[in-house]
Amino acid sequence: MRRTNKWLLMLLIAFAVIQCIQPARNKSGQVLQTDITNMYEVPADVQRVLKSACYDCHSNNTRYPWYSYIQPAGWWLAHHINEGKEELNFSDFGSYSLRRRISKLRSIENSIHDGSMPLSSYTLLHRDARLTEEEKRLIIAWVGGLRD
Amino acid sequence: MKHIILIATANIVFFAACNGSNNQPKTGNDTVQSAQVTTSEKPVATADQQSTSSVKEIVNSYLKMKNALAGDDDKGTAAAGDAMVAAFDKFDKSSLTADQKKVYEDVESDAREHAEHIGKNAGNIKHQREHFDMLSKDMYELVKTFGAGQQLYYDHCPMYNNGKGADWISETKEISNPYFGKKMSGCGTVKEELK
């Protein structure tokens with residue numbers, strides 16, 4: 001009994017210590033000149049879908065869930081957000097070359113079309129990020145329109 | 001049991017304490033991150049890399065990729081993707097005119113990313129082909145601007161992309177379709193000869 005208590009104590013201490021290593025938060029609050037909304041027409045319904053299903057990992061503003069304050073969950077999220085933003089950042093879309101923008105729009109269409117985005121691990125916890133067929137069509141039509 | 005509750009409470013207090021202090025430096029971070037993304041795309045030229053550099057190497061890795069895709073070889077495709085990234089790294093921009101440099105940098109910003117993706121996606125040939133489609137447009141621009149030093153053909157496949165069609169560059173006049181592979185190897189037409 002004493003032995004298990006000791007282990008439990010060590011585990012709890014370790015858990016407490018890692019809480020102090022909080023990753024930087026992805027929440028700038030400001031809209032950059034290069035934000036996609038400053039570059040292209042983004043209709044309100046498209047914007048709503050982008051915000052609820054994409055922006056958490058593909059913009060400079062994440063809506064953090066409560067468990068993001070608890071490590072290691074927060075680390076895992078930060079890693080995902082970094083990867084997502086590197087791939088595509090709607091907040092900085094204007095800094096991409098024209099060629100790259102067109103490719104990004106194509107990739108958005110492809111990944112929405114075959115359902116690889118939003119990630120299933122994300123939609124599992126964010127039910128509002130699951131896209132209906134209607135919403136998928138909306139996004140695909142929007143990026144298709146921008147490309148032309 | 002009492003102990004555990006005590007420790008748990010201490011834990012929560014501790015957690016709350018360190019949480020507060022760590023949350024402060026929020027702003028400013030994002031601009032730094034995005035700046036890093038853009039700068040990391042520029043190739044870093046080191047002394048020994050500058051000697052052997054030409055578009056030819058980039059185009060060659062593209063052709064290898066194309067042939068691997070035509071043979072449904074995802075691993076070979078990925079290897080060619082990595083080779084293309086290396087070719088971009090080696091490329092010496094210093095001899096280019098201002099106009100050429102503009103085209104090159106525009107193409108590279110996009111093509112490098114496709115090459116990286118293709119390199120990382122062994123096992124997912126469908127995804128590799130999606131990127132190959134976009135990469136082919138970049139390569140066309142590159143060959144048009146710089147020439148390839150060899151006879152090339154710009155081919156068209158009308159069926160890919162749900163019938164929207166896609167293009168690719170080949171070194172042979174004979175069609176060998178990289179989008180459908182062995183399944184429909186002969187599907188496509190030559191739409192332009194490049195020199």
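A few comments on the model shown:
- Subset of the stretch A:1-34 [of a type outside the set (S, T, N, Q) and over 30 Å from residue A:62 (Cα atoms)]: A:1, A:2, A:3, A:6, A:7, A:8, A:9, A:10, A:11
- Number of positions in the stretch A:28-41 that are surrounded by fewer than 17 Cβ atoms within 10 Å (Cβ to Cβ) and either touching an Asp or Glu at 6+ places or on another chain (Cβ under 8 Å) or not hydroxyl-bearing (Ser, Thr, Tyr) (or both): 8
- Qualifying residue in the stretch B:113-127 (condition: in contact with a Ser or Thr (Cβ under 9 Å, 6 or more places away or on another chain), β-branched (Val, Ile, Thr) and part of a helix (DSSP H, G or I)): yes
- Count of residues meeting criterion [part of a helix (DSSP H, G or I), surrounded by fewer than 22 Cβ atoms within 10 Å (Cβ to Cβ) and at the interface with chain B (Cβ under 9 Å from one of its Cβ atoms)] in the stretch A:88-99: 3
- Screening A:111, A:91 for residues that are touching a strand residue (DSSP E or B) at 6+ places or on another chain (Cβ under 8 Å) and at pLDDT 90 or above leaves exactly one candidate, A:91.
- Boolean, residue A:42 is more than 11 Å from every other protein chain (Cβ to nearest Cβ) and either among the acidic types (Asp, Glu) or in a helix (DSSP H, G or I) (or both): no
- Restricting the stretch B:155-179 to residues that are among the acidic types (Asp, Glu) and part of a strand (DSSP E or B), the residue that is nearest to residue B:138 (Cα to Cα): B:167
- Qualifying positions in the stretch A:57-74 - in a helix (DSSP H, G or I) and surrounded by 15 or more Cβ atoms within 10 Å (Cβ to Cβ): A:57, A:58, A:68, A:69, A:74
- Options A:64, A:69: the member that is aromatic (Phe, Trp, Tyr) and either more than 10 Å from chain B (Cβ to nearest Cβ) or within 12 Å of the chain's Cα centre (by Cα) (or both): A:64
- Residue list for the stretch A:120-137, filter: in contact with a helix residue (DSSP H, G or I) (Cβ under 8 Å, 6 or more places away or on another chain) and either assigned to a helix (DSSP H, G or I) or under 21 Å from residue A:73 (Cα atoms) (or both): A:122, A:123, A:126, A:128, A:129, A:135, A:136
- Among the conditions (1) surrounded by fewer than 19 Cβ atoms within 10 Å (Cβ to Cβ); (2) facing chain A (nearest Cβ under 10 Å); (3) modelled with pLDDT of 90 or more, residue B:82 misses just one, which is (2).
- Here the stretch A:11-29 is the region considered, the condition is being among the aliphatic types (A, V, I, L, M) and within 7 Å of another protein chain (Cβ to nearest Cβ), and the residue that is farthest from the chain's Cα centre (by Cα) is A:12.
- So residue A:140, is it in a helix (DSSP H, G or I), crowded, with 20+ Cβ neighbours inside 10 Å and more than 10 Å from chain B (Cβ to nearest Cβ): no
- The one condition in (1) surrounded by fewer than 17 Cβ atoms within 10 Å (Cβ to Cβ); (2) touching a residue at least 24 places away in the same chain (Cβ under 8 Å); (3) away from chain B (no Cβ under 11 Å) that residue A:84 fails to fulfil: (1)
- Number of residues in the stretch B:104-134 that are over 17 Å from residue B:64 (Cα atoms), more than 10 Å from every other protein chain (Cβ to nearest Cβ) and surrounded by fewer than 18 Cβ atoms within 10 Å (Cβ to Cβ): the value is 1.
The values are calculated or read from the model by the stated rules, or taken from the named source; none is laboratory data. What you see is a predicted model; the values in this text were computed from it and never measured. Here the Cβ is made from the backbone with ideal geometry for all residues, glycine too, and neighbour counts use every protein chain on show.
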